[in-house]
Structure formats: structure tokens, C-alpha cells
Amino acid sequence: MLTLPLFPIRIVLFPSALLPLHIFELRYRQLLADLAIRQPEDRQFGLLPPGDPAELPEAGTVGTVARLRGTQPLPDGRVNIVVGGERRFVLRAPVEARTPYFQGAVEWFDDESEIQIPAGDEVARLHLLGERYAVAQHALLDQSLDVELPRDAARLTFGIAALLEWDFEALQRFLEMRSVAGRVTRLLAALPKLVASAEARAGVHERAKSNGHGSVV
């Protein structure tokens, strides 16, 4: 088993996704200070759902390794950071440590080997729906599209899930799915309506920007 510093928070980080975080609690400022003296490849911690209230959850909870990608210190000691999601893990037990932040013994939580493999046409359809959703979401934020979804089915499912506006519980359940085919099926069932809604809202947004006359005022 591996020991990881742990950051319980009600945010789901998916493998390969980037996530901005605002660090203000003293114990997690100390975590960042401790990570800063490590080699870059070791600047990582586990991000997982909290227990109640804001404590370590019970054994068996699934989280994702977060690798520190960038930091922006603020004058008052708070820090904005960006982390990248890596491998999933499952918490086995807390570890006693002389740190203000939690540490835990974890094991890797990878996809199960499965006989059922997503069909190529299903993966291609999922990729297209994911791209359409990403384009619409970026249009709503007046941003140019800079998301390139992977072609690999396993990474694609997580790449799309990272874009979705599902609630925390739904995103966490998706993170815990160990079947690639199951995740593809789940997204193919949900995305058509989500894409249609996002594209409709993006269209209204674009018309509002042009005042309905096709030119920006």
C-alpha cells in the first residue's frame, strides 16, 4: 500500500483532468509547503470526498491522485493552485502522522478487466457528442475551445465527465465505475439531452451578444 497526503473536499477530480483549487486553510497551506520541497514528480496528494464534518471519510472511499501543476501565492498567504488528475485510489486506513493535514494508506483503484469492450462506433459517437458539448460550454463562457478529447475509450469517458455539470454525488458515482463499457453506456444515455440543452443555451447566448441582429453592439 501507498501512503498519501489527503485533501478531503466535495469536488471530483477525474484522471487526466485539470482542476483549479483555492487553498486557504492553514493545514493545506502546510501541505503545499511540504510538497514544495519535494521533487516535482513527487508533488502529489489524494483528493477524495470528506467525511462528516470535513474529516476523513470511511475506508473504501474512492479518490484521485492530484499532481501539483502550478501555484499562485496571494499576499495574505492563501494560494491558488492547479492540479492534474492521475490514478484513482481507494482509502484503506488513516495513517498517524505529525502533520496538520490527513494522511492515509491507499491502494490503486483501476478499471476491471472485462470481456465486453465498447464498440468502435459507440466510442466514435461518444467522442462527437463530447466535442459538441465542449464547444457549447466554451461558447457559453465566451472562450475559444482548447479541450482536445482523447480517443482512448477509458480516458475519453473521464475527459467528458470532467466537463459535465452533474451534481457531486453523480460525478463521484461515475468516478467509482470500474467498467469502461459501463461508463460509455452511461454517457451515451445522458449526453444527447445534455448536448441539446447546452447548444440551445449557447445559441441564445450568441444571439444576446449580437442583440439579435447578427452584429455585436
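For this structure, a couple of remarks:
- TRP166, TRP108 arranged by Cβ crowding within 10 Å, fewest neighbours leading: TRP108, TRP166
- In this simple spin-label model, placing a label point 7 Å from the Cα along the Cα-to-Cβ direction at both ARG69 and THR3 gives a separation of 2.9 nm.
- For the stretch 2-108, the mean projected area of the C-alpha convex hull, equal to one quarter of the hull surface, is 6.3 nm².
- In this simple spin-label approximation, GLU96 and ASP167 carry label points 7 Å from Cα along the Cα→Cβ vector, and these lie 4.0 nm apart.
- With a Förster radius of 35 Å applied to the C-beta separation of ARG87 and LEU26, the computed FRET efficiency comes to 0.80.
- Phi angles across the stretch 137-142 convert, under the Karplus curve 6.51 cos²θ - 1.76 cosθ + 1.60 with θ = phi - 60°, into 3J(HN,Hα) values of 5, 5, 5, 5, 9, 6 Hz, Gly and Pro given as x.
- Chymotrypsin sites (Phe, Trp or Tyr not before Pro) restricted to the stretch 1-57 and DSSP loop, no more than 14 other C-beta within 10 Å: PHE24
- Given charges at Cβ of Lys, Arg, Asp, Glu: the stretch 120-209 dipole, positive-most of HIS205, LEU175, LEU188: LEU188
- Residue-span extension gain [SER144 to ALA124] - 0.36 nm each, minus C-alpha spacing: 4.9 nm
- For the stretch 1-98, GluC sites (Glu not before Pro) are listed when DSSP marks them as loop and at most 12 other Cβ atoms sit within 10 Å of their Cβ; the list is GLU55, GLU58, GLU96.
- Most mobile listed residue (GLY85, GLY46, GLY182) in the chain, GNM with C-alpha springs under 10 Å: GLY182
- Checking [x] 8, 36, 39, 16, 2; [y] 7, 31, 39, 21, 2; [z] 8, 29, 31, 22, 9, 2, 0 against P(r) over Cα pairs in 10 Å bins from 0, in percent calculated from these atoms, the matching label is [z].
- Cubic angstrom per residue, convex hull over Cα atoms of the stretch 142-208: 97 Å³
- Calculated FRET value between GLU55 and ARG78, using beta carbons and R₀ = 22 Å, to 0.05: 0.50
- Considering only ASP34, ASP76, ASP110, the Gaussian network model of the chain with Cα springs below 10 Å gives its largest mean-square fluctuation to ASP76.
- With a Förster radius of 30 Å applied to the C-beta separation of ALA33 and ALA105, the computed FRET efficiency comes to 0.85.
- Cα pair distances of the stretch 10-69 binned at 10 Å [whole percent]: 19, 50, 29, 1
A short reminder: the numbers here are calculations on the coordinates, not readings from a lab. Model, not experiment: these values are computed from the prediction. Neighbour counts are summed over all protein chains in view; Cβ atoms, including those assigned to glycine, are modelled from backbone coordinates with ideal geometry.
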